[in-house]
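Data block below; observations after.
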Amino acid sequence: MKFIIDRFDGKKNYQQTYTVEKKDIEALTLLGTLLFIKQHQDITLNFTASCRMAICGACGVRVNGHSYLGCDTKMTELFEAYKDADTFRISPLANYTVISDLAVDWEPAIENLRKIKPGLVAKDKFSEKEGCVQNQEEYDRIVKQWDCVLCGCCASECNKLSADRSDYMEPFVYTQAWRVANDSRSKDPMIHVKPAVLNGLWNCVHCHECSNRCPKHISSADDIAGLRALAMKKGLNSGVGPAHAKSFYTDLVEDSGRLNEIRLALRTEGVSTALRAGTAITLMRAGKMNPLEIFGGHTIEGHKDLVKMIEAAKAANKE
Amino acid sequence: MSEQFTRREFLQSACITMGALAVSTTGVEKAFAASSTSTPNSSGMPTCDVLIIGSGAAGLRAAVAARKKNPNLSVVVVSKVMPTRSATTMAEGGINGVIDFSEGDSFELHAKDTVKGGDFLVDQDTAMKFATYAGAAIHELDYIGMPFSRDSKGNVDKRYAGGASKIRCNFAEDKTGHILTHTCLDDALKNGVKFLMDHHMLDLSIENGHCEGVVLRNIRTGDIAPVRAKSVVLATGGYTRVFWNRTSTPYIATGDGAAAALRAGLIFKDPEMLQFHPTGVCHGGTLITEAARGEGGILLNNLGERFMKRYVPNKMELAPRDIVARSIETEIREGRGYGHDMEAYVLLDVTHLGKEKIMKNLPQIRHIGMLFENMDLVEKPIAIRPTAHYSMGGIHVTSLDTMATPAPGLFAAGEAACVSIHGANRLGGNSLCDATVTGKIAGINAAEYAAKAGFGAGKRLNDLTLKWTSHFKEITGSGKGNVNDMYALREELGAANWYNMGIFRTESKLLALADKHAEFQARYDAIRIPNTNPVFNTAYTEYVELGNLLLASRAALMGATARKESRGSHFREDYLKRDDANFLKHSMVTMDEKGQMHLDWKDVVVGQFKIEERKY
Ligand SMILES: Cc1cc2nc3c(=O)[nH]c(=O)nc-3n(C[C@H](O)[C@H](O)[C@H](O)COP(=O)(O)OP(=O)(O)OC[C@H]3O[C@@H](n4cnc5c(N)ncnc54)[C@H](O)[C@@H]3O)c2cc1C
Ligand code: SF4
Ligand code: SF4
Ligand code: FES
């Protein structure tokens, strides 16, 4: 059997083919196969793994273009899915910056998570001393999204991210925003919804690729729809952006659930910018938003750093 | 300016004030100086007020606590992986802590079970305080967003865990650790904690008795650099990978913290106390957690007997881990298991719980059954065998009040630390709250210390950095060496430790292991890694980790050989009895400059719980 692996050594990209006996790997998982190659054939091959039990999210890679969680995928499954093919192409997750071979950079994704303020701000009636109370129904509403292991498989498949990542975040970021906004213990869902809106919520093209590949069967696409509904319900529905948003929303949620091609093109090309700016201006006028919140909103130490970041942000925005 | 610049710049400028480096080694300055935003400080080394190594529950809680204690301090979490890839994520069963007193449970009972479970090697004052803090920690976790499973009243739900006299193991389905980690990450992000991921701590530097910082390797670039810190918290997790493929823990549990502490002249306490979990999957050691037995799962031998009735009739499968693990191994040894040699096993059966209950309360466990044994727990019992699971031993910490090591400025927390909560055997559910509780205390105290302290001179730190820089060159520079040398040695070390220092130990086995260790060390020193690329050289990372495992193995062996008694997880077939007259004390291992190890002892603190025979 052949494995063609996409490699990157920090300077150049290339492909390398590894030949292994089927009998050596057929009882293994995909991660097991990668380990087999590294430990027997090529010690320079790099990838990440930690738990080998499908819970830490470290081992997401692509096989023939589709994302898989390496330790959660048996080779027999792959043989079946690809009709006993004897060659597989293994690549790093798409829509991430590759550090080396199959290892990708998670730092930007973590900073995106920071933006939606994933930490719960509990209702005033709850306290650190006594904890919270939540009934089964309320718990059931959020527990699915808590399965997210931050493996990045959804982001790898996301068409919107591939088209233009400058005004969008990884699908799981919205999932996490939804899980906390939708939590009955949460004081104010808008703490998380607002930054989601400001960071691309309406730019999802609803292709559902993220949902198709999530190893935990989470649908970020649905979570995005949920966040949108919440945003509209909570009054983020006036101004230029939200007007577009509204028609977009009607299109998706109440209509066919799919965008037609023309609107899709329109949205990815131009409307998104107007939408974001529009919403942001509305919010700022209403005094609801500190413009610096786009950086994550916490206190920033050091004036110099602050100025520097604002400059950097301006520069980045201009591009 | 690219978008990447914005993010990187933001992350790094706000967290570490990286100056131009004093250490002039190729490449190093580039990595840090490129992101340098502020004027160099007096010594020119990168600095940070509170530096936390490790991003499991202990590290993340320490970081938040430090930020809350003093928001003016820079707090950075360093981790060799992405924050959520830690061992904490893998915990399933639950987290102990008394929050419901209606059925007669109390902090004292929790402490008592902990002391008894730990076979009295627990410092009793510590256990008592720990139990109190554990209760508070559960509410706090709930408050910061942890979605615990709920009882009918909407309160945190709980289940039985082995060795507990009351039901006090709080849980979030069977993904408690995963959910806990993500809750703690969210809270850390909320509190402005910054991360340096893919950074490997190689060593820490103690000068004039004070901790002055650590040597970090940026795995992404290969740059090795010193970082000075006013205080450092080691939250690097355990060292159970000394049994390489017979453990439930992740690949990263290589005892880096304990090894660095040893090299820096600190104390590795109770290193021989390694816990074996009774139920790993037969192939690969991955865990079928206590939750399975907590929910009512039973163990069966090849005669179809529920054999635990022979060993602990009143507790059966819910007896403490060490006892269940030994019972299983005994069954296998006496021919009542299935299979042979390393492939031998007994069965764990949950089928009688019914599909609905399994799907609701044990979904993760079922999944593991599918993945590793290719079978559905709903339909069939699963093949299991004991697996190394937890390190009770760790970096010696003087008291639970501060989690400080004897070296001012250095703190330790979680599984990496040993403040003697778990003694010779940890109870199920006690380590998540250990990590949560001790992490927080370490963070608070590290912040308090940092607010008052200054930076060390960093001279020794410099020297260490230079040493590591040339080490990288020496090990990888020639490009020579065989692919499999290191991996083969790692497996051999694991197997040798398992057979000679595993569940059953004897003098002769331990002495034989000492010879093996000497041979392994010599082979290790001669290994060269055929990868010259500094970028993400994971083979070199693994090489360094293997060195740490060797060191941890040697320390554990020293303790295991000297402790001529059986206590908790440390079971000597040649000294079957617990010997309180001689060994009611902690083993304290240190290493001198020449690499020679020394053993000392420290008395256990006895309190309100009477020392008695451990019977169930
Ligand atoms: C399968 C499994 C199930 C478990 N179930 C339970 C349970 O049900 N209940 C319970 O209470 N406990 C359980 N435990 C134990 C518990 O999960 C751990 O003991 C606990 O989470 C340890 O937390 P920690 O923060 O100390 O370390 P870890 O979570 O192990 O984190 C260590 C961190 O240190 C980092 N690190 C290590 N070395 C370096 C270095 N040199 N440089 C930089 N970073 C480094 C790692 O990247 C990691 O982020 C279980 C453990 C396992 C493996
Ligand atoms: S549905 Fe939205 S988030 Fe999901 S893949 Fe498509 S564009 Fe991306
Ligand atoms: S939503 Fe699913 S695919 Fe995306 S990161 Fe989370 S677990 Fe992975
Ligand atoms: S190694 Fe943890 S999810 Fe695969």
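The values are calculated or read from the model by the stated rules, or taken from the named source; none is laboratory data. Because the structure is predicted, anything quoted here is derived from the model rather than measured. Backbone-built Cβ (ideal geometry, glycine too); neighbour counts: all protein chains shown. Surface accessibility is based on the protein's heavy atoms, side chains included, excluding ligands, DNA and RNA. Shrake-Rupley method; radii C 1.70, N 1.55, O 1.52, S 1.80 Å.
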For segment A:14-27, in order, what is each residue's ³J(HN,Hα) by Karplus, 6.51 cos²θ - 1.76 cosθ + 1.60 with θ = phi - 60°, in whole Hz (x at glycine and Pro)? 7, 10, 9, 9, 10, 10, 10, 6, 4, 5, 6, 10, 5, 8
Stretched fully, the stretch from B:Ala526 through B:Asp600 gains (0.36 nm per residue minus C-alpha distance, one decimal, in nm) 23.5 nm
B:Ala161's amide H: which non-local residues (gap 5+, or another chain) put their own amide H closer than 5 Å, with H modeled 1.01 Å from N in plane and none for Pro or chain starts? B:Arg168, B:Cys169
For the protein assembly as shown, projected area of the alpha-carbon convex hull averaged over all directions, nm²: 35.6 nm²
Among A:78-85, B:91-98, A:43-50, how do they line up from the highest to the lowest mean number of other beta-carbon atoms within 10 Å? B:91-98, A:43-50, A:78-85
So, in nm, how far is label B:Ser470 from label A:Arg89 when the simple model puts each one 7 Å beyond its Cα toward the Cβ? 4.8 nm
Evaluate the distance, in nm, between pseudo-label points positioned 7 Å from the Cα of B:Ser152 and of A:Gln16 along their respective Cα→Cβ axes. 6.1 nm
Under a 1.4 Å probe, counting only protein heavy atoms, B:Cys211 has an accessible area in Å², nearest 10, of 10 Å²
Per 5 Å bin, what is the whole-percent P(r) computed from every C-alpha pair distance within segment B:465-616? 2, 8, 15, 17, 15, 13, 10, 8, 6, 4, 2, 1, 0
Counting partner chain Cβ atoms within 10 Å of every residue's Cβ in A:130-140, what's the average? 6
Shape descriptor, segment A:48-149: equivalent ellipsoid semi-axes (Cα gyration tensor, sqrt 5λ, whole Å, largest first) stand at 37, 19, 11
For chain B, inverting the pair-averaged 1/r of distinct alpha-carbon atoms gives a Kirkwood value in Å of 24.4 Å
Out of all Cα-Cα pairs in segment B:270-323, roughly what percent, to the nearest whole number, are more than 17 Å apart? 44 percent
Accessible-area order (highest first, 1.4 angstrom probe) of the listed residues B:Lys269, B:Lys380, A:Lys129: A:Lys129, B:Lys380, B:Lys269
Rg to Rh, two decimals, where segment B:179-237 supplies the alpha carbon set and Rh follows Kirkwood: 1.04
Near B:Phe455, within a Cβ-to-Cβ distance under 15 Å, what is the net charge of the other residues, with Lys and Arg +1 and Asp and Glu -1? +2
Considering the zone a paramagnetic label at B:Glu519 would reach in this model (a point 7 Å from Cα along the Cα-to-Cβ line), which residues of segment B:489-512 have amide N under 18 Å from it? B:489-502, B:508-512
What pairs in A:Lys38/B:Lys80; B:Lys129/B:Lys577; B:Lys112/B:Lys166; B:Lys166/B:Lys380 have C-alpha atoms more than 21 Å from each other? B:Lys129/B:Lys577; B:Lys166/B:Lys380
Cα-centre dipole for segment B:501-616 with unit charges at Cβ (Lys and Arg positive, Asp and Glu negative), debye to 20: 320 debye
Quick query: amide H of B:Leu216 versus all other amide H atoms, modeled in the peptide plane; which residues come in under 5 Å with a sequence gap of 5 or more or a different chain? B:Leu202, B:Ala225, B:Val227
With R₀ set to 41 angstrom, the calculated FRET efficiency between the beta-carbons of B:Thr398 and B:Ala512, to the nearest 0.05, is 0.70
Run lengths n ≥ 4 of DSSP H only: what is the helix-derived mean residue ellipticity at 222 nm for chain B, with -39500 (n - 2.57) per run over all residues, to the nearest 500? -12000 deg cm²/dmol
Residue-level accessible surface for B:Thr330, protein heavy atoms, 1.4 Å, Å²: 30 Å²
Expressed in square angstrom to the nearest 10, the accessible area of A:Ile4 with a 1.4 Å probe stands at 40 Å²
How high is the FRET efficiency from B:Arg333 to B:Lys360, r the C-beta distance, R0 35 Å, rounded to 0.05? 0.45
Charged-residue dipole, Cβ positions (Lys, Arg, Asp, Glu), segment A:70-206 about Cα centre, Debye nearest 20: 580 debye
Toy charge model, Lys and Arg Cβ at +1, Asp and Glu Cβ at -1: chain B dipole around Cα centroid in debye, rounded to 20, equals 400 debye
Restricted to the protein assembly as shown, the DSSP antiparallel beta bridge percent, nearest 5, is 70 percent
Residue mean of other protein chain beta carbons inside 10 Å, B:532-540: 6
According to the square roots a ≥ b ≥ c of the eigenvalues of the Cα gyration tensor, what is the shape class of segment B:402-557, taking rounded for a/c under 1.5, prolate for a/b larger than b/c otherwise, and oblate for the remainder? oblate
Please work out, to two decimal places, the log10 of the ratio I(q)/I(0) at q = 0.18 Å⁻¹ from a Debye calculation in which every Cα of segment B:147-217 carries one identical scatterer. -0.84
Compute the signed sum of charges (Lys and Arg +1, Asp and Glu -1) over the other residues within less than 15 Å, Cβ to Cβ, of B:His340. -2
Specify the inter-centroid distance of segment A:57-91 and segment B:402-436, based on alpha-carbon positions, in whole Å. 40 Å
Would you rank B:Glu612, B:Glu317, B:Glu103, A:Glu21 by solvent-accessible area, highest first, keeping every protein chain in place and using a 1.4 Å probe? B:Glu103, A:Glu21, B:Glu612, B:Glu317
Along its three principal axes, how long is segment B:263-371 when you only count alpha carbons? Whole Å, largest extent first please. 54, 34, 30
The summed charge of the B:Lys380 Cβ neighbourhood (under 10 Å; Lys/Arg +1, Asp/Glu -1) stands at -4
Out of residues 5 or more away from B:Thr247 or on other chains, whose amide H comes under 5 Å of its own, with H placed 1.01 Å from N in the peptide plane? B:Ala388
Of the residues B:Gly423, B:Gln364, B:Leu410, the Cα lying farthest along the dipole of segment B:354-431 towards its positive end, which is defined by charges on the beta carbon of Lys, Arg, Asp and Glu, belongs to B:Gln364
